[in-house]
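Accompanying notes for the structure given below.
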Amino acid sequence: MSELKLFNSLTRQLEPFVPVHSGEARVYTCGPTVYNYPHIGNMRAYVFADTLGRVLSYKGYKLTHVINITDVGHLTDDADAGEDKMEKMAAEKAQSIWDIAKHYTEAYWADIKALNIRQPAHWSIATKYVPAMIDFAKSIADAHCYELESGLYFDTSTVANYGALARAKTEDGANAQGGRIEEVEGKRHAADFAIWRKTPAGEKRQMEWDSPWGKGAPGWHLECSVMSEALLGLPFDIHTGGIDHREIHHPNEIAQNQARCGGDHSGANIWMHNNFLIERSGKMSKSSGEFLRVQLLFDNGFHPLAYRLMCLQAHYRSELEFSWEGLQAAFVRLKRMVMAVEKLPERNSNEVPEEVLMWIDQAILQDLNTPPLLASFELAIQTKHAPSEEKWAVLDRVDPILGLNLLRLTRTDLRIRPKAAIITEAEIETALAARKEARAAKDFAKSDTIRDDLIAKGVEVMDGDPLGWDWRLDI
Ligand code: AMP
Ligand code: ZN
């Protein structure tokens, strides 16, 4: 087996994947804070983690993947400032936090499904691990924490190389973005962070638990250390998240893991971060009203797997700029792939030519290089005269890595009715039947009128194509 190399953010280098437990791969992915719908940028983080998982499975490792659901503790600022995102949304909507969490967790799971992201072995829900968080905090409190009026704080000077992952240090050794010292009265270093936030005297939070440090709630960073340890054991193989987590959240997790394990180990052998999806008009901001989320793709007539393909077209460590034109191009590309698969004759062999396995490996073993994998894949399945056995073999191997569901997806599935459409599918079929009759009667003027009317209503008529018609996605 050739070696899988992954880029480790800790060392900023490609490193061979050497599992902690032979034959296994244990992966932890920082999940969403369920105070709102995820935007499609958030979903890029899970498409990336899913691709990693699929590659590990392809290479034969027994995968245990954990994604957490943060339903408590994440403040509006990643350091210790601001309000709890969940409490804030619950107050805005006049609903209980539990209802908010349930609604947005379900919405997130629907997006996971729409993007054909595989179910992890565990969805760990933060509020279910609070007793374990208290135990973890107790075990490190004496040597690494100090108590203030507002809670229990981690003293970042008690661990070696705090902030090494972020590579941005201030004079006192703190992570440059690790919060401002004046934000919390009594903090010893700017980067110190709360692992337990006490409910202020006289207040009552919707979510609070008793602890040795008073009633309160766990800090966000503590959650991930505790859940990864509980479900994967420390150390485990790979920890993933978006690149913003390289600056505060993951350095803080690492500090806690070092404290917990009593050594320098960061808790995971490899830390991997996807770069951001960016969108210049600000439509990805959750405060922008109608922001870019998977539902909006559907509403505009795009199949969400076109977005998955768009993600795969870029290397996960590159920034990816979102545009509707870019999504349109990915959608056309996806349709071409589906058409190539629909044209295949019955499968007649399962042999995989050696060279196919080689080009698959060449791409994915180099830090999940999906763009060349896609290019070789298309060439293999779309070349007219290539033997169909080979096409099947390629499809069987590569589609499970890409997760585009090409073995099942049909072009009819890809025909998503835009929300703004002013004509129904039944009306389109009736118009097309009338057009067929007009053509049979050689009444071409009538046939053209029907066609023009359909075009004006956003429908493309495709003569000679078994699909017959499709929505025109004018964007
Ligand atoms: P959150 O729910 O804010 O904790 O974010 C969920 C995941 O999305 C985290 O891994 C973030 O790092 C990641 N993320 C946030 N914004 C983007 C973006 N624009 N592009 C890619 N990943 C993002
Ligand atoms: Zn996390």
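Couple of notes before you dig in:
- For the chain, the C-alpha radius of gyration divided by 2.2 N^0.38 Å, with N the number of residues, is 1.13.
- About the Cα centre, charge dipole magnitude for region 300-413 (Lys/Arg +1, Asp/Glu -1 at Cβ), debye: 440 debye
- Dipole-positive endmost among Ile450, Leu374, Ala420 within region 339-475 (Cβ charges, Cα centre): Ile450
- Within the chain: Cβ-based charge dipole about Cα centre, in debye rounded to nearest 20 (Lys, Arg +1; Asp, Glu -1): 940 debye
- At R0 = 25 Å, FRET efficiency that the Cβ-Cβ distance of Asn161 and His21 yields, to 0.05: 0.45
- Globularity index of region 242-320, i.e. its alpha-carbon radius of gyration over 2.2 N^0.38 Å: 1.49
- Rounded to the nearest Hz, the phi-derived 3J(HN,Hα) couplings of region 114-126 under the Karplus curve 6.51 cos²θ - 1.76 cosθ + 1.60 (θ = phi - 60°) are 4, 8, 6, 7, 5, 5, x, 5, 9, 9, 8, 9, 3, where x marks glycine and proline.
- Rounded to 5, the percent of DSSP beta bridges in the chain classed as antiparallel: 50 percent
- Neighbour counting of Cβ atoms within 10 Å sorts the residues Phe48, Phe444, Phe276, fewest neighbours leading, into Phe444, Phe276, Phe48.
- Cross-linked pairs Lys335/Lys457; Lys59/Lys343; Lys88/Lys204: Cα-Cα separations exceed 19 Å for Lys335/Lys457; Lys59/Lys343.
- Phi-based couplings in Hz for region 449-454 (Karplus 6.51, -1.76, 1.60; Gly and Pro marked x): 4, 4, 4, 5, 5, 5
- Mean-position separation - Cα centroids, region 100-122 and region 42-59, in angstrom: 15 Å
- Compactness of region 5-278 - radius of gyration and Dmax, Cα, Å: 17.9, 56
- Nearest 10 degrees, 0 to 90: helix 130-144 Cα axis against the chain principal axis: 50 degrees
- Counting other Cβ atoms within 10 Å as a rough exposure proxy, the listed residues Thr33, Thr412, Thr127 run Thr412, Thr127, Thr33 from fewest neighbours to most.
- Crossing angle, helix 370-382 versus the chain [Cα axis fit, 0-90 degrees, rounded to tens]: 20 degrees
- Here the residues Asp361, Asp474, ranked from fewest to most Cβ neighbours within 10 Å of their Cβ, fall in the order Asp474, Asp361.
- FRET efficiency for the pair Ser139 and Ala386, taken as 1/(1 + (r/R0)^6) with r the Cβ-Cβ distance and R0 = 51 Å, rounds to 0.30.
- Whole-Å distance, taken between Cα centres, linking region 354-378 and region 404-475: 37 Å
- Part-to-part distance (alpha-carbon centres) for region 230-279 and region 136-162, which is given in Å: 18 Å
- Given the chain, longest segment not containing exposed loop GluC sites (Glu not before Pro) (DSSP; at most 16 other Cβ within 10 Å): 352-475
- Taking label points 7 Å from Cα along the Cα-to-Cβ direction, Gln366 and Thr449 give a separation of 6.0 nm.
Any read-out appearing in this document is the output of simple, stated calculations on the displayed coordinates, not a laboratory observation. Source: prediction; values computed, not measured. In this analysis, Cβ positions are derived from the backbone assuming ideal geometry, glycine residues included, and neighbour counts consider all displayed protein chains.
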